[in-house]
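The values are calculated or read from the model by the stated rules, or taken from the named source; none is laboratory data. None of these values were measured; they are calculated from a predicted model. FYI the Cβ positions are ideal-geometry reconstructions off the backbone, even for glycines, and counts take in every protein chain you see.
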Amino acid sequence: MTTFGEVIRINIKVWCIAILLCFLLGIIITLIYPPWPLLARLLVVQDRLTKVDVLVTLGGDSERELYAAELYRLGLAPKIIMSGCGSSASKMAKRAVKAGVDDSDILLEEHAESTYENALFSKEIILAQNFKSAIIVSSPYHMRRTKLAFERVFKNTGVKLLYSPTKDSGFNVDGQCKSERDRAIVRREYIKFIYYWFRYW
(Lines give C-alpha, C1' and ligand atoms only; values in the text may rest on other atoms or scores of the structure.)
Protein backbone atom coordinates (compact mmCIF):
# COMPACT_ATOMS: atom_id res chain seq x y z
CA MET A 1 0.00 0.00 0.00
CA THR A 2 1.34 3.42 -1.00
CA THR A 3 1.96 5.72 1.96
CA PHE A 4 1.13 9.42 2.04
CA GLY A 5 4.85 10.32 1.96
CA GLU A 6 5.40 8.19 -1.15
CA VAL A 7 2.45 9.90 -2.87
CA ILE A 8 3.97 13.31 -2.10
CA ARG A 9 7.35 12.24 -3.49
CA ILE A 10 5.73 10.87 -6.66
CA ASN A 11 3.75 14.09 -7.15
CA ILE A 12 6.88 16.22 -6.70
CA LYS A 13 8.74 14.08 -9.24
CA VAL A 14 5.87 14.38 -11.74
CA TRP A 15 5.76 18.17 -11.30
CA CYS A 16 9.53 18.45 -11.75
CA ILE A 17 9.38 16.41 -14.96
CA ALA A 18 6.44 18.50 -16.22
CA ILE A 19 8.25 21.77 -15.50
CA LEU A 20 11.41 20.51 -17.21
CA LEU A 21 9.44 19.40 -20.27
CA CYS A 22 7.69 22.78 -20.48
CA PHE A 23 11.06 24.54 -20.20
CA LEU A 24 12.56 22.40 -22.97
CA LEU A 25 9.48 22.92 -25.13
CA GLY A 26 9.81 26.67 -24.63
CA ILE A 27 13.45 26.56 -25.71
CA ILE A 28 12.59 24.51 -28.82
CA ILE A 29 9.78 26.89 -29.81
CA THR A 30 12.06 29.89 -29.24
CA LEU A 31 14.77 28.35 -31.42
CA ILE A 32 12.31 27.54 -34.21
CA TYR A 33 10.32 30.79 -34.02
CA PRO A 34 12.56 33.34 -32.26
CA PRO A 35 10.71 36.45 -31.01
CA TRP A 36 13.46 38.69 -32.35
CA PRO A 37 12.14 42.09 -31.15
CA LEU A 38 11.70 40.78 -27.60
CA LEU A 39 15.07 39.01 -27.54
CA ALA A 40 16.78 42.19 -28.76
CA ARG A 41 15.04 44.40 -26.19
CA LEU A 42 15.93 42.07 -23.33
CA LEU A 43 19.63 42.55 -24.05
CA VAL A 44 19.42 46.28 -23.37
CA VAL A 45 19.79 47.72 -19.87
CA GLN A 46 19.17 51.45 -19.40
CA ASP A 47 19.20 53.01 -15.95
CA ARG A 48 18.09 56.50 -14.99
CA LEU A 49 21.37 58.36 -14.73
CA THR A 50 22.56 60.48 -11.84
CA LYS A 51 25.95 62.05 -11.13
CA VAL A 52 28.61 59.49 -10.23
CA ASP A 53 32.31 59.42 -9.41
CA VAL A 54 33.49 57.79 -12.63
CA LEU A 55 32.45 56.48 -16.03
CA VAL A 56 33.69 53.04 -17.05
CA THR A 57 33.91 52.64 -20.83
CA LEU A 58 34.35 49.14 -22.23
CA GLY A 59 36.53 48.63 -25.27
CA GLY A 60 34.91 47.53 -28.51
CA ASP A 61 32.66 49.59 -30.74
CA SER A 62 34.13 53.07 -31.31
CA GLU A 63 30.98 54.94 -30.33
CA ARG A 64 31.41 53.86 -26.71
CA GLU A 65 34.16 56.33 -25.80
CA LEU A 66 32.38 59.09 -27.73
CA TYR A 67 29.22 58.51 -25.73
CA ALA A 68 31.25 58.47 -22.52
CA ALA A 69 32.73 61.81 -23.59
CA GLU A 70 29.20 63.14 -24.03
CA LEU A 71 28.22 62.05 -20.52
CA TYR A 72 31.43 63.63 -19.19
CA ARG A 73 30.64 66.94 -20.91
CA LEU A 74 27.15 66.81 -19.39
CA GLY A 75 28.76 66.70 -15.96
CA LEU A 76 27.66 63.20 -14.99
CA ALA A 77 31.17 62.20 -13.89
CA PRO A 78 34.57 63.93 -13.49
CA LYS A 79 36.64 60.89 -14.47
CA ILE A 80 36.56 58.16 -17.13
CA ILE A 81 38.14 54.71 -17.03
CA MET A 82 38.96 53.40 -20.51
CA SER A 83 39.01 49.61 -20.23
CA GLY A 84 40.52 47.72 -23.15
CA CYS A 85 43.33 45.39 -24.09
CA GLY A 86 46.75 46.89 -24.76
CA SER A 87 46.81 49.89 -27.08
CA SER A 88 43.03 49.91 -27.53
CA ALA A 89 42.56 51.73 -24.21
CA SER A 90 44.95 54.53 -25.23
CA LYS A 91 43.25 54.81 -28.63
CA MET A 92 39.91 55.14 -26.86
CA ALA A 93 41.41 57.86 -24.69
CA LYS A 94 42.70 59.80 -27.70
CA ARG A 95 39.27 59.78 -29.34
CA ALA A 96 37.69 60.92 -26.07
CA VAL A 97 40.18 63.79 -25.74
CA LYS A 98 39.30 64.91 -29.27
CA ALA A 99 35.66 64.83 -28.17
CA GLY A 100 36.33 67.25 -25.31
CA VAL A 101 37.58 65.16 -22.38
CA ASP A 102 40.52 66.50 -20.40
CA ASP A 103 43.42 64.07 -20.71
CA SER A 104 44.09 64.27 -16.96
CA ASP A 105 40.57 62.97 -16.27
CA ILE A 106 41.15 59.67 -18.08
CA LEU A 107 42.35 56.51 -16.33
CA LEU A 108 43.62 53.66 -18.50
CA GLU A 109 42.91 49.98 -17.84
CA GLU A 110 44.95 48.13 -20.45
CA HIS A 111 44.74 44.46 -19.46
CA ALA A 112 41.14 43.33 -19.98
CA GLU A 113 40.57 40.78 -22.73
CA SER A 114 36.92 40.03 -21.94
CA THR A 115 33.85 41.64 -20.43
CA TYR A 116 34.49 39.85 -17.15
CA GLU A 117 38.04 41.19 -17.07
CA ASN A 118 36.72 44.69 -17.88
CA ALA A 119 34.82 44.41 -14.60
CA LEU A 120 37.64 42.75 -12.67
CA PHE A 121 40.40 45.23 -13.58
CA SER A 122 38.13 48.29 -13.45
CA LYS A 123 37.18 47.27 -9.93
CA GLU A 124 40.84 47.49 -8.88
CA ILE A 125 41.05 51.08 -10.13
CA ILE A 126 37.69 52.07 -8.63
CA LEU A 127 38.56 50.75 -5.18
CA ALA A 128 42.08 52.18 -5.30
CA GLN A 129 40.68 55.63 -6.20
CA ASN A 130 37.98 55.30 -3.53
CA PHE A 131 35.20 55.85 -6.07
CA LYS A 132 31.77 55.03 -4.67
CA SER A 133 29.67 55.08 -7.84
CA ALA A 134 30.05 54.50 -11.57
CA ILE A 135 28.19 54.52 -14.86
CA ILE A 136 29.10 51.58 -17.09
CA VAL A 137 29.07 52.42 -20.81
CA SER A 138 28.87 49.86 -23.60
CA SER A 139 26.83 49.04 -26.71
CA PRO A 140 23.10 48.34 -26.26
CA TYR A 141 23.33 44.64 -27.19
CA HIS A 142 26.24 44.18 -24.77
CA MET A 143 24.58 45.63 -21.68
CA ARG A 144 22.84 42.57 -20.25
CA ARG A 145 26.04 40.52 -20.22
CA THR A 146 27.98 43.54 -18.97
CA LYS A 147 25.60 43.94 -16.04
CA LEU A 148 25.85 40.24 -15.17
CA ALA A 149 29.67 40.46 -15.07
CA PHE A 150 29.90 43.75 -13.18
CA GLU A 151 27.28 42.83 -10.59
CA ARG A 152 29.15 39.60 -9.91
CA VAL A 153 32.56 41.27 -9.60
CA PHE A 154 31.37 44.25 -7.55
CA LYS A 155 29.22 42.22 -5.17
CA ASN A 156 29.62 43.38 -1.55
CA THR A 157 31.89 46.31 -2.48
CA GLY A 158 29.26 48.98 -1.79
CA VAL A 159 29.96 50.64 -5.15
CA LYS A 160 26.78 51.87 -6.84
CA LEU A 161 26.64 50.87 -10.51
CA LEU A 162 24.43 52.35 -13.21
CA TYR A 163 24.28 51.16 -16.83
CA SER A 164 23.94 53.31 -19.92
CA PRO A 165 24.07 52.00 -23.51
CA THR A 166 25.39 54.09 -26.39
CA LYS A 167 22.99 55.90 -28.69
CA ASP A 168 24.56 55.39 -32.10
CA SER A 169 25.50 51.72 -32.28
CA GLY A 170 23.16 50.99 -35.19
CA PHE A 171 21.75 47.99 -33.33
CA ASN A 172 18.03 47.27 -33.74
CA VAL A 173 17.28 50.76 -35.03
CA ASP A 174 13.82 49.77 -36.30
CA GLY A 175 12.94 48.11 -32.98
CA GLN A 176 11.95 44.93 -34.85
CA CYS A 177 15.37 43.27 -35.20
CA LYS A 178 14.71 42.50 -38.86
CA SER A 179 18.23 42.68 -40.27
CA GLU A 180 20.40 39.59 -40.41
CA ARG A 181 23.22 41.58 -38.79
CA ASP A 182 21.08 42.37 -35.75
CA ARG A 183 19.87 38.79 -35.48
CA ALA A 184 23.42 37.47 -35.68
CA ILE A 185 24.38 39.83 -32.83
CA VAL A 186 21.41 38.63 -30.75
CA ARG A 187 22.30 34.96 -31.30
CA ARG A 188 25.93 35.57 -30.36
CA GLU A 189 25.06 37.58 -27.24
CA TYR A 190 22.68 34.96 -25.87
CA ILE A 191 25.27 32.25 -26.36
CA LYS A 192 27.85 34.37 -24.52
CA PHE A 193 25.34 35.33 -21.84
CA ILE A 194 24.53 31.68 -21.10
CA TYR A 195 28.25 30.91 -20.96
CA TYR A 196 28.85 33.81 -18.55
CA TRP A 197 25.90 32.78 -16.41
CA PHE A 198 27.26 29.30 -15.81
CA ARG A 199 30.88 30.32 -15.47
CA TYR A 200 30.68 33.46 -13.37
CA TRP A 201 27.33 33.64 -11.61
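Among the residues of the range 63-107, count how many are surrounded by fewer than 23 Cβ atoms within 10 Å (Cβ to Cβ), under 16 Å from Asn118 (Cα atoms) and among the polar types (S, T, N, Q).
Here the count works out to 3.
When you look at Gly175, is it assigned to a loop (DSSP other than H, G, I, E, B) and either within 21 Å of Asp61 (Cα to Cα) or charged (D, E, K, R) (or both), yes or no? Spell out how you get there, then give the answer.
Numbers: assigned to a loop (DSSP other than H, G, I, E, B): yes; either within 21 Å of Asp61 (Cα to Cα) or charged (D, E, K, R) (or both): yes.
Against the criterion (assigned to a loop (DSSP other than H, G, I, E, B) and either within 21 Å of Asp61 (Cα to Cα) or charged (D, E, K, R) (or both)), Gly175 qualifies.
Within the range 150-161, can one find any residue that is surrounded by fewer than 21 Cβ atoms within 10 Å (Cβ to Cβ), in contact with a helix residue (DSSP H, G or I) (Cβ under 8 Å, 6 or more places away or on another chain) and either touching a residue at least 60 places away in the same chain (Cβ under 8 Å) or in a strand (DSSP E or B) (or both)?
Yes, there is a match, as at least one residue in the range 150-161 is surrounded by fewer than 21 Cβ atoms within 10 Å (Cβ to Cβ), in contact with a helix residue (DSSP H, G or I) (Cβ under 8 Å, 6 or more places away or on another chain) and either touching a residue at least 60 places away in the same chain (Cβ under 8 Å) or in a strand (DSSP E or B) (or both).
Output the residues belonging to the range 43-67 that are assigned to a helix (DSSP H, G or I) and either within 15 Å of Phe131 (Cβ to Cβ) or not hydrophobic (A, V, I, L, M, F, W, C) (or both).
Of the range 43-67, the ones assigned to a helix (DSSP H, G or I) are 43, 63-67.
Those that are assigned to a helix (DSSP H, G or I) and either within 15 Å of Phe131 (Cβ to Cβ) or not hydrophobic (A, V, I, L, M, F, W, C) (or both): Glu63, Arg64, Glu65, Tyr67.
Got at least one residue in the range 133-149 being hydrophobic (A, V, I, L, M, F, W, C), closer than 25 Å to Leu108 by Cα, in the same structural domain as Tyr72 (by TED's automatic domain parsing) and assigned to a loop (DSSP other than H, G, I, E, B)?
no
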